[in-house]
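What follows is calculated from the coordinates using simple rules that are stated; it is not laboratory data. Nothing here was measured: the structure is a model prediction, and the numbers come from that model. No Cβ is skipped: glycine too gets one built from the backbone with ideal geometry, and neighbour counts run over all protein chains shown.
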Amino acid sequence: MKDIVVNVLEKVLSGKLKKGEIEKFLEVPPQQEMGDFAFPCFALAKIEKKNPLAIATDLSEKIRKNLPKEISGVEVKSAYVNFFIDKKFLAEKVLKEATKKGYGSSKEGNGKKIVIDLSSPNIAKPFGIGHLRSTIIGGSISNIASYLGYKTVKINYLGDWGTQFGKLIVGYNNWGDEKKLKDNPIAHLLELYVRANDEQYEQAARDEFRKLEEGDKKNLALWKKFRDLSLKDFNEIYEFLGVKFDVISGESLYNDKMGPVVNKLEKKGLLKESEGAMVVDLDKEGLGVVLIKKNDGTSLYATRDLTAAIDRFEKYKFNRMIYEVGQEQKLHFKQVFRVLKLLGYDFSDDCVHVAHGLYLGEDGKKFATRKGKTVMMKEVIKETYEIAKKNLLSREAKLSDLDLDHRAHSIALSAIIYGDLKNYRENDVVFDIDKFLEFEGNTGPYLLYAYARASSILRKVKSKKQKVEIFDLSPQETALLTKLQNFPNVVKSAYDQLAPNLIANYSYELAQIFNEFYHAHPVIGSKEEAFRLKLIDAFRNVLKTGLGLLGIDVLEEM
Ligand code: ARG
């Protein structure tokens, strides 16, 4: 549709602006009364040294003489030429396209490879709320990218190496309890870590970690045990979220591969000694000092990330690598990307840190402690599921267990994912489960409900094929069609800005417009029945697709 407007503008401007420039200038007006597209004449006025209003008037006259059948009219408003798309044409086009599977998808990615580093929780520690955000946002970005034809590789890069394992081993050797470890591994490992995280065990912990780095069999076996137990625990969360990874990797993978990187840093004269440790000094660039090797020879987070990035580039030859990690690690990633560049790896220009903000509690403080205890993500999820179940039971008593479980799961999932993704990722999110679960307002369950309502209308229809006839469109119908038409642009922007919230916000607006349409118009039995059913079908398809890109499954009945 945009093409039609661009083409006619190109024709009447006869070379004064290039096609790409016209496309860039063309806007979608904020209100329906102002048409479907608006072309501002300010830039042209500058070039021609004329009054913008005069230019707009002149253009509109020329367009009227060349009016394509898909455009019903043009109007001048201040220095804009507003275009009105022919409504019947709009309706036919949208109904045809928006009811198709894959509407809004494209091949723009052309198979280009994108590595996404996401989730990446730390072994032997509770799955954090930041890891939840990373899993949700990273997962959605991956869905969106695939929808646009990119090939994505999702890597879960576990925090499974580092000096904390020395502490954990000391803790385990002193106070380890097999039964507790079996029943509640993360809680027990955390307890062991906290007990050993004391000055008096510092040397012992350092020794144990060094032994681990040197490949000591007993320590390696312990480490593996902690890792397996943790992963099993994390998998329950991944199962709930329906997230799958292409690669489960971790910092440990790079433990014995850092030598060449350190050597290369040395050869390039980038390494410097500082108090016995080896560092890269980026102070002059305002990026501080990057620790590469500690004075006892053990490696660091940054060293492992450098090695991992190079390894991934060699393995995947990616066009882009995205790290979905909390914004508190901004400096870390700036440092890593910069050091890669200094090492001569130009792929560092294709690495991005896609940061996210914090989850806040209802009191607006960081959502990290509850009654002084660490929040266990698994428990938060379970709690959400239980509330959803209770709500369902209070509304409808006779659900089979299977149905109840399925619905409670979808509702809880929509609540948590949408509660997060409706916000721009860099903003902090108030994590308020009760609010997230509400059926009214800007929530996941509200969207599921709108979808289920559309499904239920379509279920009621007995006769199948009716010829779709398009009568004059009401404002609500036009609004819904226009919104549906815009979906592909929204998906594209969400990818360009790495911002799934654009799709979340769009879905909410779409559902609102649908509800307005539905309240204003009878469907079954009306003379517009066939058209309206098709419109509902298109709405249903687009909402399902949008929610799917966020990682939310719809329910046919609620
Ligand atoms: N495990 C880290 C943490 O919890 C996140 C890792 C992110 N990815 C990376 N390549 N550094 O803070």
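Taken as Cα centroids, the range 28-80 and the range 376-411 sit 54 Å apart, rounded to the nearest whole angstrom.
Remark: the range 1-117 is approximated by an ellipsoid whose semi-axes, taken from the C-alpha gyration tensor as √(5λ), come to 29, 20, 13 Å, largest first. Within the same chain, aspartates and glutamates fewer than 8 places from Lys46 are excluded, and of the rest, those with a Cα less than 17 Å from its Cα are Glu21, Asp58.
Relative to the first principal axis of the alpha-carbon coordinates of the chain, what is the inclination of helix 87-98, with its axis defined by its Cα atoms, in degrees from 0 to 90 and to the nearest 10? Taking the Cα atoms of the chain, the angle to 87-98 is about 30 degrees.
Were the residues from Ser78 through Asp256 laid out at 0.36 nm apart, the gain over their Cα-Cα distance would be 57.4 nm. Based on alpha carbons, the Rg and Dmax found for the range 265-369 are 15.9, 52 Å. Using the Karplus relation 6.51 cos²θ - 1.76 cosθ + 1.60 with θ = phi - 60°, the per-residue 3J(HN,Hα) values for the range 220-235 come to 4, 5, 5, 4, 5, 4, 4, 5, 4, 4, 5, 4, 4, 5, 4, 4 Hz, with x marking Gly and Pro. Label sites at Asp432 and Lys264, each approximated as a point 7 angstrom past Cα along Cα to Cβ, lie 4.9 nm apart. Counted over all Cα-Cα pairs of the range 192-237, pairs farther apart than 14 Å make up 62 percent.
Of the beta bridges in the chain, as assigned by DSSP with both residues counted there, near 50 percent are antiparallel.
Would you work out the charge dipole size for the range 324-460 about its Cα centre, treating the Cβ of every Lys and Arg as +1 and the Cβ of every Asp and Glu as -1, and quote it to the nearest 20 debye?
Charge dipole of the range 324-460: 200 debye, to the nearest 20.
When the pairs Lys182/Lys217; Lys167/Lys218; Lys96/Lys534; Lys96/Lys462; Lys272/Lys341 are compared against a 19 Å limit on Cα-Cα distance, Lys182/Lys217; Lys96/Lys462 fall above it.
Taking a 23 Å limit on the Cα-Cα distance, which of the listed pairs Lys87/Lys422; Lys125/Lys378; Lys19/Lys317; Lys16/Lys50; Lys390/Lys483 fall beyond it?
Violating the 23 Å limit, Cα to Cα: Lys87/Lys422; Lys19/Lys317; Lys390/Lys483.
In plain terms, the chain from Lys294 to Lys218 could stretch by 25.0 nm, reckoned as 0.36 nm per residue minus the Cα-Cα distance. A quarter of the convex hull surface defined by the alpha-carbon atoms of the range 91-233 gives 12.1 nm² as the mean projection.
No solvent, one uniform scatterer per C-alpha: report log10 I(q)/I(0) for the range 364-494 via the Debye equation at q = 0.13, 0.22, 0.23 1/Å, two decimals. Calculated log10 I(q)/I(0) at the listed q: -0.78, -1.35, -1.40.
Each residue of the range 197-211 was assigned a 3J(HN,Hα) from its phi angle through the Karplus curve 6.51 cos²θ - 1.76 cosθ + 1.60 (θ = phi - 60°); the sequence is 7, 9, 3, 5, 9, 4, 5, 4, 5, 4, 5, 5, 5, 4, 4 Hz, with glycine and proline shown as x. Beta bridges assigned by DSSP with both partners in the range 270-386 are antiparallel in approximately 65 percent of cases.
Residue-wise HN-Hα couplings along the range 36-44, as the Karplus relation 6.51 cos²θ - 1.76 cosθ + 1.60 with θ = phi - 60° gives them from phi, are 9, 9, 9, 10, x, 9, 5, 5, 5 Hz; Gly and Pro carry x.
Note on the range 47-116: Cα-only Rg and Dmax are 18.9, 51 Å. Expressed as a fraction of 2.2 N^0.38 Å, the C-alpha radius of gyration for the range 190-319 is 1.26. Taken along the Cα-to-beta-carbon direction at a fixed 7 Å, the label points for Asp346 and Lys18 span 2.3 nm.
Taking other C-beta atoms within 10 angstrom as a stand-in for reagent exposure, Ser507, Ser274, Ser252 fall in the order Ser274, Ser252, Ser507, fewest first. Note on the range 437-524: Kirkwood radius taken over Cα pairs, Stokes-Einstein applied at 37 °C and 0.692 mPa s, translational D equal to 223 µm² s⁻¹. Less than 14 Å Cβ to Cβ from Lys317, Lys/Arg counted +1 and Asp/Glu -1: what total charge do the surrounding residues give? Result for the neighbourhood of Lys317: +2. Helix 501-520 and the longest principal axis of the C-alpha atoms of the chain enclose an angle of approximately 40°.
Compactness of the chain was expressed as the Cα radius of gyration divided by 2.2 N^0.38 Å, which yields 1.17. Between 0 and 90 degrees, the angle of helix 330-342 with respect to the longest Cα principal axis of the chain falls at about 80 degrees.
If you take every residue apart from Leu282 with its C-beta less than 10 Å away from the C-beta of Leu282, what net charge results, scoring Lys and Arg +1 and Asp and Glu -1?
0
Projecting label points 7 angstrom from Cα along Cα→Cβ for Lys50 and Lys2 puts them 2.7 nm apart. Note on the range 60-132: with charges restricted to the Cβ of Lys and Arg (+1) and Asp and Glu (-1), its dipole about the Cα centre is near 220 debye. Around the amide H of Val429, modelled in the peptide plane, lie the amide H atoms of Leu358, Tyr359, Leu360, all under 5 Å away and 5 or more residues distant in sequence or on another chain. Net charge of the neighbourhood of Asn156, taken over other residues with C-beta under 12 Å away and scored Lys/Arg +1, Asp/Glu -1, is -3.
Here the Debye sum runs over all C-alpha atoms of the range 118-192 as equal scatterers in vacuum, and log10 of I(q)/I(0) at q = 0.18 Å⁻¹ comes out as -0.77.
Over the range 435-520, calculate the relative contact order: mean separation of alpha carbon pairs under 8 Å at least 6 apart, over the residue count, as a percent.
28 percent.
For Asp296, no residue 5 or more places off, or on another chain, has a built amide H under 5 Å of its own.
When the charge dipole of the range 340-494 is built from unit charges on Cβ atoms (+1 for Lys and Arg, -1 for Asp and Glu) and taken about the Cα centre, the candidate among His406, Phe487, Gly357 whose Cα reaches farthest toward its positive end is His406.
The range 251-307 and the range 310-325 have Cα centres separated by 20 Å.
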